[in-house]
Amino acid sequence: MIVMSIAGVDPSGGAGVFADLKTFQAIGVYGTGVVTALTAQNPYKFFSTQPVSPEYISEQIDSVMDSYEVEFIKTGMLYSPEIIKLVAEKIREYDLKAVVDPVMVATSGGDLTKEDIADAFNKYLLPESILTTPNVSEAEKLTGLKINTKEDAIKASEKIACNSLITGGHLDGINTINIDGDITIKKQELIETDNLHGTGCNLSAAITAYRAKNNDLHTSIMKALDYVYEGIKNGNYGTLIAKL
Ligand code: PXL
């Protein structure tokens with residue numbers, strides 16, 4: 001099973017393509033990685049971003065697709081409307097099944113996008129995708145709705161252009177899953193920690209890996225939520241890694 005991450009590079013390895021590849025490996029699928037942007041950052045501080053041109057992202061995708069059979073992909077940091085549009089075109093061209101993490105702001109507050117890209121996600125990418133995994137603030141940006149309660153999250157999920165998992169880290173641990181209009185709520189106890197850098201990346205990568213291993217979408221989401229939860233409990237994310 002070969003999967004692909006299309007995302008940015010976090011050189012400290014907790015988020016982005018490097019993190020995705022580790023999660024793919026841990027779950028037992030072969031990961032490929034297309035880089036949309038380099039960043040200079042660590043879990044404490046975000047320094048800067050150096051985007052890759054859409055033409056070169058296109059060439060990276062084509063070079064992998066030229067030799068490998070890839071069906072499931074995930075997207076992370078896409079930086080600009082031009083890159084979002086390109087990725088949507090590639091999904092159509094290669095008939096890919098995409099899990100979209102609609103990355104807009106880093107946990108550390110870094111500059112992961114050139115401008116407001118919520119409209120581009122809604123217009124180009126989400127209609128081509130099998131799932132998107134916004135956190136509460138990303139879901140608010142995608143829908144223009146305020147989300148303070150479970151009911152708000154359900155309403156927002158009904159406005160998003162594809163299946164969605166609105167993650168519950170900022171909503172009392174209430175994860176809201178909407179697959180073809182069927183709502184499932186999965187509540188997880190919140191864990192007291194500052195070490196969440198990369199959890200969103202790893203969650204969407206885990207969903208992609210479980211789905212590539214022939215689990216249905218609902219099961220893949222449930223397993224991935226457990227996978228990341230265990231990782232947070234075990235201190236696998238953020239600055240705790242410095243203590244290894
Ligand atoms: O979690 C969002 C994210 C995505 N991609 C890259 C990041 C981050 C957060 O830091 O660095 C490259």
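The values are calculated or read from the model by the stated rules, or taken from the named source; none is laboratory data. Computed from a prediction, not measured in an experiment: that's the story for all the values here. With ideal geometry, Cβ positions are generated from the backbone for all residues, glycine too; neighbour counts draw on all protein chains shown. Only protein heavy atoms, including side chains, enter the accessible area calculation; ligands, DNA and RNA are left aside. Shrake-Rupley method; radii C 1.70, N 1.55, O 1.52, S 1.80 Å.
Which count do you get for residues in the range 205-218 that are within 16 Å of Ile166 (Cβ to Cβ) and open to solvent by 40 Å² or more (accessible area, probe 1.4 Å)? Break it down stepwise before answering.
Step one: filter the range 205-218 for residues within 16 Å of Ile166 (Cβ to Cβ), giving 207, 217-218.
Applying the additional criterion that residues be open to solvent by 40 Å² or more (accessible area, probe 1.4 Å) yields 218.
Within the range 205-218, residues that are within 16 Å of Ile166 (Cβ to Cβ) and open to solvent by 40 Å² or more (accessible area, probe 1.4 Å) number 1.
Of the strands (runs of 3 or more DSSP E) contained entirely in the range 1-109, those carrying at least 1 residues that are away from the ligand (no atom under 15 Å from the Cβ) and of a type outside the set (S, T, N, Q) fall at 2-9, 30-41, 72-75, 97-100. Residues that are open to solvent by 20 Å² or more (accessible area, probe 1.4 Å), closer than 30 Å to Thr193 by Cβ, β-branched (Val, Ile, Thr) and part of a helix (DSSP H, G or I) do not occur anywhere in the range 124-139. Of the candidates Val99, Val103, Val34, Val52, the single residue that is in contact (Cβ under 8 Å) with a residue 12 or more places away in the chain, surrounded by fewer than 23 Cβ atoms within 10 Å (Cβ to Cβ) and aliphatic (A, V, I, L, M) is Val52.
Yes/no per residue for (1) over 13 Å from the mean Cα position of the chain (by Cα); (2) under 23 Å from Pro43 (Cα atoms); (3) surrounded by 23 or more Cβ atoms within 10 Å (Cβ to Cβ):
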| residue | (1), (2), (3) |
| --- | --- |
| Leu145 | yes, no, no |
| Thr149 | yes, no, no |
| Lys159 | yes, no, no |
| Lys187 | yes, no, no |
| Leu196 | yes, yes, no |
| Leu203 | no, yes, yes |
| Ser220 | yes, no, yes |
| Ala224 | no, yes, yes |
| Val228 | no, yes, yes |
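The conditions of being touching a residue at least 40 places away in the same chain (Cβ under 8 Å) and out of contact with any helix residue (DSSP H, G or I) (no Cβ under 6 Å at 6 or more places or on another chain) are met by Gly235.
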